[in-house]
1. What single numbered condition from (1) part of a strand (DSSP E or B); (2) touching a helix residue (DSSP H, G or I) at 6+ places or on another chain (Cβ under 8 Å); (3) closer than 24 Å to Thr142 by Cα; (4) not small (Gly, Ala, Ser) fails to hold for Met172?
2. From the residues in the stretch 223-249 that are charged (D, E, K, R) and under 19 Å from the mean Cα position of the chain (by Cα), which one is surrounded by the most Cβ atoms within 10 Å (Cβ to Cβ)?
3. Which residue is farthest from Met100 (Cα to Cα), if the candidates are limited to the stretch 121-137 and must be crowded, with 21+ Cβ neighbours inside 10 Å and among the aliphatic types (A, V, I, L, M)?
4. Being within 14 Å of Leu213 (Cβ to Cβ) and not polar (S, T, N, Q) is the filter here, so list the residues in the stretch 242-260 that pass it.
5. Any idea how many residues of the stretch 77-105 are out of contact with any strand residue (DSSP E or B) (no Cβ under 8 Å at 6 or more places or on another chain) and of a type outside the set (S, T, N, Q)?
6. Any residue at all in the stretch 107-121 that's of a type in the set (S, T, N, Q) and touching a Lys or Arg at 6+ places or on another chain (Cβ under 7 Å)?
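Nothing in this text is a laboratory measurement; each read-out follows from the coordinates by a stated rule. Only a predicted model underlies this, so the values are computations on that prediction, with no experimental measurement involved. For neighbour counting, all protein chains shown are included, and Cβ atoms are generated from backbone atoms with ideal geometry for every residue, glycine included.
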Amino acid sequence: MIRIGTTTFGFRYSFLDPKLAPPLTAILQQARKVGVERLQICENTRPLELNRSQWREVLKCANDLGMELGLGCKTLNPAVVEQYMERAAWMSCDTLRVVMEEGDAHATPESAKRLFDAVVPRMQAAGMRLAVENHFDISSTTLVELAGRYPADVVGFCIDTANSLRSFERPMEVLQLLQPRAICYHLKDYRVIGTMVSFAVEGAPLGEGQLDLDGCLKAILAKDPAPHLYVETWTTSVGNRDTDIATEADWLDRSVKGLRRRLG
């Protein structure tokens, strides 16, 4: 049976205010209750602020719950990647997901290449893999070209089914281009409002939006019968923290159940 995961962006509103943010152990317990078996801890939870003792608590909780942990960051700074590599080593995690963006600085092919050149040799020496997440800043074709300069067992992709819509790349197109180096998948559903001239993209529970989920799963499973699938939801705030958190919890539950039904 395929183990279903999620990312901490499914708990975005819980972590927006650092003063109100719950411990990661509480999020692990919440995720496990709805059938999640993998959690990718991302930059929104500020994982670099956790000390070794706090990491041990997270790892013990995950082990007790039978959950696997992953780690993700958003940066263009090699020094930050090194910090996350250190945390990944504490977790016995051999893969680091990276979104190439930092503050107001968005990735360009040149800045992406500089980042790769700086961190790939270090990751290779450490026996780790870099899972580069597709984003609207850089086309999937360019990502393939950039990654092709490095060993496939060191640089691969975290394929997000919605991230490239703003660059007019459809999910199946992104899958086709990036799948030869796929390491993991963020399954994110969406609805496009408007036209291609003027449009907005909003989130939807997985299987309830416009994503061709069955088509995506067919393509994914044809390559890998046991892929790392992460449900990722993206809800619109209504301006009330409790309501926003409750909506995220509901969407995660619906998304995990919907994916499990399709996987059989």
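1. (1)
2. Of all residues in the stretch 223-249, those charged (D, E, K, R) come to 223-224, 232, 241-242, 244, 248.
With under 19 Å from the mean Cα position of the chain (by Cα) added as a condition, the list becomes 224, 232, 248.
Values: Asp224: 14, Glu232: 26, Glu248: 20.
If we take residues in the stretch 223-249 being charged (D, E, K, R) and under 19 Å from the mean Cα position of the chain (by Cα), then Glu232 is surrounded by the most Cβ atoms within 10 Å (Cβ to Cβ).
3. Within the stretch 121-137, the match that is farthest from Met100 (Cα to Cα) is Met123.
4. Here is the first cut: in the stretch 242-260, the residues within 14 Å of Leu213 (Cβ to Cβ) are 254-260.
The answer is Arg254, Val256, Lys257, Gly258, Leu259, Arg260.
5. Count: 9.
6. Pass one, the stretch 107-121, residues of a type in the set (S, T, N, Q): 108, 111.
Cutting the leftovers down to touching a Lys or Arg at 6+ places or on another chain (Cβ under 7 Å) gives us none.
For the stretch 107-121, residues of a type in the set (S, T, N, Q) and touching a Lys or Arg at 6+ places or on another chain (Cβ under 7 Å): absent.
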